[in-house]
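Below: the structure, in structure tokens.
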Amino acid sequence: MLKILVLHGPNLNLLGQREPGIYGTTTLATIDALLTQEATLVGAEVTTLQSNHEGILVDGIHNALGQCHGLVINAGAYTHTSVALRDAIAAVNLPTVEVHLSNLYKREPFRHHSHIAPVALGQISGFGADSYVLGLHALVRYLRAQPDLA
Ligand code: DQA
């Protein structure tokens, strides 16, 4: 059974009511339920963690070491600011897919740079809640292609 940790960064707890024109109306609880359901279909198990605090997300990434096969992360605004999250992902060296609800490259220039991207397998941005589902599937497909996990 593949174990995957899904991390949600700051302000994502307010999904559903937060700037719905940009982030949609789907709540975080619905996204988590969707991911749990999708994971079951592909023989994976998802654990989710949302925090508005950088250090808690860093701790979550550290705690995944030896417990999870990979990470899906929407670091929210920390995407653009956090060397600590980037370093945590590099430190645990777990395959990581970066996801965003909105298309970062259609938005303000300060959102065009990601500290996570250089340590991620890839990035999915702009598909709303589906970005998470696509990210989960991309990670599972990557992991299944690894000889030791197939
Ligand atoms: C976001 C994009 C970020 O720029 C923003 O700070 C967020 C959400 C997204 O999912 O589109 O909080 O990561």
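So what is the 222 nm mean residue ellipticity for the chain from helices alone, if each DSSP H run of at least 4 adds -39500 (n - 2.57) and you divide by all residues, rounding to the nearest 500 deg cm²/dmol? Don't skip to the answer; put the middle values down first.
Numbers: 5 runs with 54 residues, N = 150.
-11000 deg cm²/dmol, from helical runs alone.
Projecting each Cα onto the charge dipole of the chain (Lys/Arg +1, Asp/Glu -1 at the beta carbon, about the Cα centre), which of VAL42, LEU101, GLY66 comes out farthest on the positive side?
LEU101
Run the simple label-point estimate for VAL83 and LEU14 please: 7 Å along Cα→C-beta, distance reported in nm.
Spacing of the two 7 Å Cα→Cβ label points: 2.8 nm.
Students often get this wrong: which residues of segment 65-89 have the backbone nitrogen under 15 Å from the point 7 angstrom along Cα-to-C-beta of ASN52?
From segment 65-89, the list is 76-78.
Nearest 20 debye, what's the magnitude of the dipole of segment 61-150 about its Cα centre given +1 on Lys and Arg Cβ and -1 on Asp and Glu Cβ?
160
Near the amide H of VAL99, under 5 Å away, which other amide H atoms are found, from residues 5 or more places off or on another chain, if H is placed in the peptide plane?
When sequence neighbours closer than 5 places are left aside, the close amide H contacts are ILE73, ASN74, ALA75, ILE124.
Could you give each residue of segment 43-59 its phi-based ³J(HN,Hα) in whole Hz, using Karplus coefficients 6.51, -1.76, 1.60 with θ = phi - 60°, and x for Gly or Pro?
x, 10, 10, 10, 10, 10, 9, 10, 8, 8, 10, 4, x, 5, 5, 4, 4
I'd like to know how segment 2-144 sits against the 2.2 N^0.38 Å rule of thumb: what's its Cα Rg over that expected value?
Its radius of gyration relative to the 2.2 N^0.38 Å reference: 0.94.
Rounding to the nearest 20 debye, state how big the charge dipole of segment 1-95 is about its Cα centre with +1 on each Lys and Arg Cβ and -1 on each Asp and Glu Cβ.
60
Residue by residue through segment 62-74, what is 3J(HN,Hα) from phi via Karplus (6.51 cos²θ - 1.76 cosθ + 1.60, θ = phi - 60°)? Round to whole Hz and write x for glycine and proline.
Residue by residue, segment 62-74 yields 4, 5, 6, 4, x, 10, 10, 8, x, 10, 10, 9, 10 Hz.
Give me the one-decimal nm value for the distance between modelled label points at ASP130 and TYR105, 7 Å along each residue's Cα-to-Cβ direction.
1.8
Throughout, read-outs are computed from the coordinates displayed, never taken from laboratory work. Predicted model, so just to flag it, every value in this text is computed and none were measured. Here Cβ is always computed from backbone atoms with ideal geometry, including for glycine, and neighbour counts include all displayed protein chains.
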